[in-house]
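Structure record follows, encoded as structure tokens.
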Amino acid sequence: MPGLGSGFAPRVKAVLGPTNTGKTHLAIERMLAHASGIIGFPLRLLARENYDRMVALKGARHVALITGEEKIVPPDARWFSCTVEAMPLDRDAEFLAVDEIQLCADPDRGHVFTDRLLHARGLVETMLLGAETIRPLLQRLVPQASVETRPRLSQLTHAGPTKLVRLPPRSAVVAFSASEVYAIAELIRRRRGGCAVVMGRLSPRTRNAQVALYQDKEVDFLVATDAIGMGLNMDVNHVAFASLGKFDGHRPRRLTPAEVAQIAGRAGRGMRDGTFGTTAQCPPLAEDVAAAVEAHSFEPLDQLCWRNSDLDLSHVDALLATLMAAPPGPGLVKGNDAADLETLAALTREPEIRRLAQGRRMVGRLWEACQIPDFRKLADDTHTRLCARVFGHIARDQHLPTDWLAGQISALARADGDIDTLMQRLAGIRVWSYIAARPDWVHDSIHWQSRAREVEDLLSDALHERLTSRFVDRRAAHLMRRLDGGGAQELLSAVTRRGEVIVEGHPVGRVGGFRFFPDPAAEGEERRLVLRAARRALRDEIPRRVALAEQAPDSGFAFGPDHTLVWDSVPIARLRRGSSVLRPRVQILESEFLDGAQRERLRDRLQRFVDDSVRRELGPLLSAADRARSPPEFRGLLHRLTEALGLIVSEEGDQIGPKGRASLKAIGVKAGRFGLFVPALLKPRPAAMRARLWGVHHGVTAPELPAPGLVSLPRQPHWPSGFGETMGWLEAGPVLLRLDVAERVAAELGWATRRSPAAMPAVLASRFSLKADLLPVVLRRLGFRVLPAGVASPGEFGPPAPAMLLPLRRRRAGVEPVATSVHAQHPFAALAVLKR
């Protein structure tokens with residue numbers, strides 16, 4: 001854009017490069033070499049951190065700190081550490097620098113950085129620090145700037161995905177929401193002893209205390225948001241991304257490769273190399289992204305966000321119009337509407353605000369009130385109403401009421417509550433710190449700044465204490481160091497009532513049944529030490545559990561999947577084929593903690609449970625077999641029925657005469673047209689037991705039984721051979737019919753057609769839950785033929801003849817067939833001829 005760079009100081013220098021190139025160190029070194037200087041940082045945390053460094057070098061009386069919430073400006077201040085928004089551009093300084101200048105492209109804050117890029121200059125030297133991606137646009141917009149590229153001091157290598165519990169010590173895990181940060185920190189506390197937590201919403205005091213935990217090696221892990229990506233220097237060897245997407249305040253989106261590099265670059269500071277990768281549920285980085293991060297090669301920025309800073313304060317509408325002005329040239333675009341602009345637009349719709357905002361001075365005051373930062377982000381009009389009230393007091397009374405200011409600050413001076421409550425109060429006190437730092441708004445601004453800082457310190461200390469108590473287990477961290485040191489011989493261990501195995505106060509696994517399930521996080525030598533301590537704790541626990549299992553009632557056991565037997569919610573044995581289908585054999589599962597005698601005691605107890613369960617569920621079958629011993633004519637039949645688990649699908653039952661049927665019915669057995677069965681065993685619980693015993697006897701896993709209440713279902717080709725018949729399902733063409741329903745319907749139809757064909761009942765299809773077009777095939781299996789309904793001829797009146805049912809010829813007990821076909825070579829062929 002021509003002309004933007006003209007008239008500026010000629011000594012403008014851009015120092016560009018990836019992270020860990022020493023850019024910030026160079027800028028501070030250059031600034032302190034001048035008589036005065038101003039440097040702007042993207043975060044309050046960075047401004048505070050570098051303020052402390054400058055104070056250590058030059059003394060507090062010569063160094064100032066200016067952020068939205070803090071103003072420490074000694075009378076003799078010569079060097080200023082500021083946030084970019086708070087840079088005192090009305091003050092002359094020999095040196096001026098802006099850090100992370102590539103944030104000109106940020107849709108929310110970029111217009112502030114772009115304004116500094118185009119207009120903020122030092123009297124002698126101006127330095128712009130940032131990423132290489134801004135070079136083309138910077139050279140176009142500031143053509144007089146010289147550009148220096150600095151290489152990274154150490155190598156950054158992609159390490160791929162790593163499980164959260166296997167991250168190496170001195171790792172930083174990066175997430176993009178408070179809930180995700182908390183969940184990861186909780187897991188690290190349980191598995192690795194604890195971690196420090198760093199988020200952008202923390203105050204500098206809390207953040208410094210959390211970083212000290214990490215830097216002093218009280219914990220080996222750091223969980224943070226992308227706040228660590230902006231120049232926070234710590235001894236991090238590995239950066240692991242728990243997510244590659246974030247909500248940017250407007251919409252969820254994926255991180256750009258440059259943003260990934262900015263965060264990953266926190267690994268390996270100084271001359272020490274670092275690694276980066278993914279963890280938790282985060283998918284692996286794409287190969288091209290990982291390669292770009294390693295090579296520090298990214299697509300250049302093609303546009304910067306811009307907002308007009310030449311404001312017309314003659315009228316509120318003129319102010320809005322200038323703020324909404326279009327960018328003046330290529331490479332500059334409008335970003336998202338900032339909170340201050342949205343607040344101004346809302347307030348200018350109120351008649352009272354428009355009445356008060358008359359003249360340049362009052363319009364300027366209104367714009368300043370709208371620029372109060374919305375740290376609380378309550379998603380309602382609370383912030384807008386606050387800005388309106390501040391402006392109203394200033395317009396009418398010149399200053400804010402002291403009682404109101406005192407009450408608002410005092411209401412936040414409470415150290416109770418959880419982490420989120422304290423963080424919300426911190427956001428609130430930051431707003432009042434910003435207001436208190438305006439001497440033109442507040443009487444005795446120095447006093448109220450000090451009071452706000454006291455409350456912030458109170459909340460910061462309480463928040464640090466809550467974060468530490470929630471996410472740092474000092475005893476568990478000590479345990480990990482003991483395990484690494486090989487001191488397991490002196491470790492204390494125990495087992496809780498819930499089966500959790502505790503070593504030195506740290507859960508290392510759990511005991512379920514008679515097996516120990518170690519913590520998956522423990523590996524290698526650490527795993528061996530944990531197992532040694534756990535075995536010592538289980539030496540007394542396993543005999544106690546064996547005794548409990550022996551004394552447990554049957555309700556304490558259950559049948560599990562894959563023919564297992566469950567106790568204590570864990571499989572402890574498996575059913576194997578036994579001497580008969582009704583008596584499967586119990587086999588105790590392997591356990592290194594059980595000896596031979598204990599295994600046999602458990603097997604006896606479980607065998608009693610299985611036998612009792614079979615007797616309870618299949619009692620009608622066993623009772624019928626016992627009662628059949630008196631009339632011996634059915635003894636063999638009942639033996640076969642018992643071996644078939646209470647159901648034989650064949651026409652054998654149809655050959656039994658009425659007297660035999662009555663005798664079987666008396667002992668609970670039905671002899672039907674299609675089979676012999678015990679009706680009581682078709683109920684859900686006995687059916688489940690029969691399916692289980694059938695699967696054990698045949699060495700397969702029995703399929704899941706159909707839902708109770710179904711009377712038909714499509715053929716099941718995946719069912720093992722013989723399973724459907726054993727479970728009481730009669731094959732009828734393309735479908736399976738429940739045997740008892742098929743017997744009942746066939747008996748009714750047989751009675752209806754005993755002398756002549758009968759009309760087919762209209763509800764027959766619904767009784768079988770079938771479509772009507774399947775009935776002919778199904779009925780043929782039941783022994784009936786369907787005569788189609790008649791069709792009325794022309795001239796005939798009245799309804800047509802309905803579909804009729806005709807029984808197929810069947811051989812029943814005591815009834816000889818009309819004709820017998822015998823092969824010509826059969827020995828009885830001659831007798832057949834004589835009979836005919």
*For the range 687-775, the Rg and Dmax computed from alpha carbons only, in angstrom*: 15.4, 49
_What is the percent carbon and sulfur in the accessible area of the chain, measuring with a 1.4 Å probe over the protein chains and ignoring ligands?_
53 percent
_Rounded tilt (10° steps) of 178-192 against the dominant C-alpha axis of the chain_ = 70 degrees
_Could you report the accessible area of Ile588 in Å², rounded to 10, computed with a 1.4 Å probe on the protein chains as they sit in the structure?_
20 Å²
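Among the listed pairs Lys58/Lys217; Lys23/Lys58; Lys23/Lys377; Lys163/Lys246, which are separated by more than 27 Å between their Cα atoms?
Details: Lys58/Lys217 30 Å; Lys23/Lys58 20 Å; Lys23/Lys377 33 Å; Lys163/Lys246 21 Å.
With Cα atoms farther than 27 Å apart: Lys58/Lys217; Lys23/Lys377.
Going through the range 584-669, which trypsin sites (Lys or Arg not before Pro) have at most 11 other Cβ atoms within 10 Å and a DSSP loop state? Intermediate results must be reported in sequence, preceding the final value.
Working: sites: Arg585, Arg599, Arg601, Arg603, Arg605, Arg608, Arg615, Arg616, Arg627, Arg629, Arg635, Arg640, Lys659, Arg661, Lys665; in loops: Arg629.
Passing both the DSSP loop test and the Cβ count: Arg629.
How fast does the chain diffuse by Stokes-Einstein, in µm²/s, taking the Kirkwood radius from C-alpha pairs at 10 °C and 1.306 mPa s? Spell out each step's value before the answer.
Details: Rh = 35.2 Å.
It diffuses with D of about 45 µm²/s by this estimate.
Restricting to the chain, compute how many DSSP beta bridges are antiparallel as a %, nearest 5.
Details: 47 of 95 bridges.
Taking every DSSP beta bridge with both residues in the chain, the antiparallel ones total about 50 percent.
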*asked:* Through the Karplus equation 6.51 cos²θ - 1.76 cosθ + 1.60, θ set to phi - 60°, convert the phi angles of the range 747-763 into ³J(HN,Hα) values in whole Hz; use x for Gly and Pro.
replied: 5, 5, 5, x, 5, 5, 9, 5, 10, 7, x, 10, 4, 6, x, 5, 8
*Given H placed on each backbone N at 1.01 Å, which residues far from Phe784 in sequence or on other chains put an amide H within less than 5 Å of it?*
Leu808
*Considering only DSSP states other than H, G, I, E and B, which trypsin sites (Lys or Arg not before Pro) in the range 724-778 qualify as loop sites with at most 13 other Cβ atoms within 10 Å?*
Arg754, Arg755, Lys771
*Subtracting the Cα-Cα distance from 0.36 nm times the residue separation, let me have the gained length for Asp337 to Ser309 in nm, one decimal.*
8.7 nm
*On average, how much area does the Cα convex hull of the range 220-277 cover when viewed from any direction, in nm²?*
4.2 nm²
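Rounded to a whole number, what is D in µm²/s for the range 284-363 from Stokes-Einstein with the Kirkwood radius over alpha-carbon pairs (20 °C, 1.002 mPa s)?
On the way: Rh = 15.7 Å.
For the chosen part, D equals 136 µm²/s.
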*Residue by residue, what Karplus-based ³J(HN,Hα) values in Hz, rounded to whole numbers, does the range 292-298 have, using 6.51, -1.76 and 1.60 with θ = phi - 60° and x for Gly and Pro?*
5, 5, 5, 8, 6, 10, 9
*Placed amide H near Trp567: partners under 5 Å, 5+ positions off or other chain*: Ile572
*Taking Cα pairs under 8 Å and at least six residues apart, what relative contact order does the chain come out at, in percent?*
8 percent
*Do the sum for the chain: with -39,500 (n - 2.57) for every DSSP H run of n ≥ 4, divided by all residues, what is the mean residue ellipticity at 222 nm, to the nearest 500 deg cm²/dmol?*
-12500 deg cm²/dmol
*Divide the volume of the convex hull of the Cα atoms of the range 89-132 by its number of residues and quote the answer in cubic angstrom per residue.*
66 Å³
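Once fully extended, how much extra length lies between Arg61 and Glu148, figured as 0.36 nm per residue of separation less the alpha-carbon to alpha-carbon distance? List each step's numbers first, then the result.
Values: separation 87, 0.36 × 87 = 31.32 nm, distance 3.32 nm.
Full-extension gain reported as 28.0 nm.
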*Between the range 598-659 and the range 89-163, the Cα center-to-center distance that results, in Å*: 87 Å
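The values are calculated or read from the model by the stated rules, or taken from the named source; none is laboratory data. Given the structure is predicted, the values throughout are model-derived calculations rather than measurements. Heads up, the Cβs are rebuilt from the backbone with ideal geometry, glycines too, and the neighbour counts pull from every protein chain shown. For the accessible areas, the whole protein counts, side chains as well, though only heavy atoms, and no ligand, DNA or RNA atoms are used. Shrake-Rupley method; radii C 1.70, N 1.55, O 1.52, S 1.80 Å.
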